[in-house]
1. Restricting attention to the stretch 125-139, which residues are part of a loop (DSSP other than H, G, I, E, B) and either among the small types (Gly, Ala, Ser) or surrounded by fewer than 16 Cβ atoms within 10 Å (Cβ to Cβ) (or both)?
2. Which residue, of ASP101, ASP122, ASP95, is within 18 Å of PRO12 (Cα to Cα), free of Cβ contacts under 8 Å to residues at least 40 places away in the same chain and charged (D, E, K, R)?
3. Could you grab me the full set of residues in the stretch 161-177 that are buried (at least 17 other Cβ atoms within 10 Å of the Cβ) and within 11 Å of GLY197 (Cβ to Cβ)?
4. I'm trying to understand the selection: among the residues of the stretch 57-70, which are of a type in the set (Lys, Arg) and surrounded by fewer than 12 Cβ atoms within 10 Å (Cβ to Cβ)?
5. Check off (1) exposed (fewer than 13 other Cβ atoms within 10 Å of the Cβ); (2) touching a residue at least 12 places away in the same chain (Cβ under 8 Å) for ASP16 and give me the number that stays unchecked.
6. For the stretch 38-56, give me each residue that is surrounded by 12 or more Cβ atoms within 10 Å (Cβ to Cβ), modelled with pLDDT of 90 or more and over 19 Å from ASP24 (Cα atoms).
7. Of the residues that sit in the stretch 24-37 and are of a type in the set (A, V, I, L, M) and either within 13 Å of the chain's Cα centre (by Cα) or buried (at least 22 other Cβ atoms within 10 Å of the Cβ) (or both), which one is nearest to GLU80 (Cα to Cα)?
Amino acid sequence: MKIAIVASAHAPSEEDWKKILKADFIIAADGGARFFIDSTRKPDLIVGDMDSLAPDILKVMKLESSLQFHPIEKAQTDLELSLKEARRRLASQIDVFSWADHRMDYGLDSLYSASESTQPIDFYTHNCQLHILNQHRSPCNLRADHGTKVSVYSLRSPISLRSKGLKWELAWKGDSIFRSQSNRVTAEQIHIEVDEGAAFLLVENP
């Protein structure tokens with residue numbers, strides 16, 4: 001089952017909507033539900049403390065969406081709780097949209113939380129895609145146009161990874177922070193194997 005999670009940072013792009021509406025199950029992280037007010041399809045589940053939803057929007061959403069309430073003061077963000085729920089439902093793929101805004105701490109928290117997932121998780125923004133890499137998603141094979149700019153940053157160490165299909169191939173094993181910035185795709189697909197630790201692969205959109 002493919003699950004799409006929509007957070008509240010900004011309205012999804014037209015391309016994002018195409019991906020979201022193809023999902024088998026949609027979770028809105030609190031305020032992300034407001035983007036569905038004019039959509040014929042509503043979220044299957046809304047997760048959060050509901051403090052970002054106006055009463056009239058919440059009233060409409062309750063007609064078609066299930067609600068999972070959490071207290072305002074909590075240790076996890078609404079997006080992190082949504083990721084936890086998607087993993088609990090044994091999703092085969094989790095795609096996250098509208099998650100990156102001025103709260104960089106929330107965004108980084110989501111990436112670190114996703115780094116331990118046994119299911120594939122991808123994060124989408126208007127200008128790039130972030131793919132979580134760990135031993136549960138190894139090898140990872142992704143298609144990308146020749147010359148596409150990509151970067152890899154470690155999330156958990158020690159880390160051991162290697163690649164094929166990049167201008168500067170990756171071959172790293174160690175306890176220190178790893179990063180490969182502004183690399184380039186040189187093959188029809190990127191192939192990355194992770195034996196230990198976790199990282200994210202950032203692929204810029206054409």
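The values are calculated or read from the model by the stated rules, or taken from the named source; none is laboratory data. Bear in mind the structure is a predicted one, so any value in this text is a computation, not a measurement. Here Cβ is always computed from backbone atoms with ideal geometry, including for glycine, and neighbour counts include all displayed protein chains.
1. Filtering the stretch 125-139 down to residues part of a loop (DSSP other than H, G, I, E, B) leaves 125-127, 138-139.
Of everything in the stretch 125-139, those that are part of a loop (DSSP other than H, G, I, E, B) and either among the small types (Gly, Ala, Ser) or surrounded by fewer than 16 Cβ atoms within 10 Å (Cβ to Cβ) (or both) turn out to be HIS126, ASN127, SER138, PRO139.
2. Numbers: ASP101 fails: free of Cβ contacts under 8 Å to residues at least 40 places away in the same chain; ASP95 fails: free of Cβ contacts under 8 Å to residues at least 40 places away in the same chain.
After applying the criteria, what remains is ASP122.
3. LEU161, TRP172
4. First, the residues of the stretch 57-70 that are of a type in the set (Lys, Arg): 59, 62.
Scanning the stretch 57-70 gives a single hit, LYS59.
5. Exception for ASP16: condition (1).
6. GLY48, ASP49, MET50
7. Just the residues of the stretch 24-37 that are of a type in the set (A, V, I, L, M), to begin with: 26-29, 33, 37.
Filter once more, so that each one left must be either within 13 Å of the chain's Cα centre (by Cα) or buried (at least 22 other Cβ atoms within 10 Å of the Cβ) (or both): 26-29, 33.
Working: ILE26: 15, ILE27: 12, ALA28: 12, ALA29: 9, ALA33: 16 Å.
Per the stated criteria, the residue is ALA29.
Per-residue answers, yes or no, for (1) assigned by TED's automatic domain parsing to the domain that holds ASP101; (2) part of a loop (DSSP other than H, G, I, E, B):
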| residue | (1), (2) |
| --- | --- |
| THR118 | yes, yes |
| ASN141 | no, no |
| GLY147 | no, yes |
| LEU155 | no, no |
| ASN183 | no, no |
| ILE190 | no, no |
| ALA199 | no, no |
| LEU202 | no, no |
| PRO206 | no, yes |
